[in-house]
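The values are calculated or read from the model by the stated rules, or taken from the named source; none is laboratory data. In this text, all values refer to a predicted model and were calculated from it rather than measured experimentally. Every residue, glycine as well, gets a Cβ built from its backbone with ideal geometry; the counts of neighbours run over all protein chains shown. Side chains included, ligands, DNA and RNA excluded: accessible areas come from the protein's heavy atoms. Shrake-Rupley method; radii C 1.70, N 1.55, O 1.52, S 1.80 Å.
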Amino acid sequence: MKTKIQFRLRVYQDDSIAIGPGKVALLEAIAETGSISAAARQFNMSYRRAWLLIDQMNRALSQPAVATATGGAHGGGTRLTPVGEDIIKHYRAIESTSRIAAAEDIAALTRLLAP
């Protein structure tokens, strides 16, 4: 069996998750594809569900993480704002720092698992 360690940091605003692993992954997919629809497809998620997650995150922030442009002669699209880029950067840095800081305890826990 393969062991997997996963950190699941969530930042709550009241009762809703403002920033979490799924929203960060969705931001990364939007950055990669330039599209909410294409990003949603990567997660087998409906466009509506992806849009609701982005909208919830944008409403929780002082400035939006995602900006959209409607279609037209030059087409539409979606891009991350500097805030969206910062969310990814800081979230992944926290994961990395946490993993390094907890390495000894993670090793101790995994040694307790059955082979």
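Rundown of residues vs (1) farther than 17 Å from Val11 by Cα; (2) touching a helix residue (DSSP H, G or I) at 6+ places or on another chain (Cβ under 7 Å), yes/no style:
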site	(1), (2)
Ala31	yes, no
Tyr47	yes, yes
Gln56	no, no
Gln63	no, yes
Thr70	yes, no
Val83	no, no
Condition check: of a type in the set (A, V, I, L, M), outside any strand (DSSP E or B), open to solvent by 40 Å² or more (accessible area, probe 1.4 Å) and under 30 Å from Ala108 (Cα atoms). Does Met45 satisfy that? no
Determine if the stretch 12-35 includes at least one residue that is out of contact with any His (no Cβ under 7 Å at 6 or more places or on another chain), closer than 30 Å to Leu112 by Cα and not in a helix (DSSP H, G or I). yes
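This table checks each residue for (1) over 15 Å from Gln6 (Cα atoms); (2) assigned to a helix (DSSP H, G or I); (3) in contact with a Leu (Cβ under 7 Å, 6 or more places away or on another chain).
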residue	(1), (2), (3)
Pro64	yes, no, no
Thr78	yes, no, no
Val83	yes, yes, yes
Ile88	yes, yes, yes
Ile94	no, yes, yes
Arg99	no, yes, no
Ala107	no, yes, no
Matching residues in the stretch 59-99 - criterion: being of a type in the set (A, V, I, L, M, F, W, C) and at pLDDT below 95: Ala67, Ala69, Ala73
From the list Thr68, Thr81, Thr97, exactly one residue is out of contact with any strand residue (DSSP E or B) (no Cβ under 8 Å at 6 or more places or on another chain) and either without any contact (Cβ under 8 Å) to a residue 40 or more places away in the chain or acidic (Asp, Glu) (or both). Which is it? Thr97
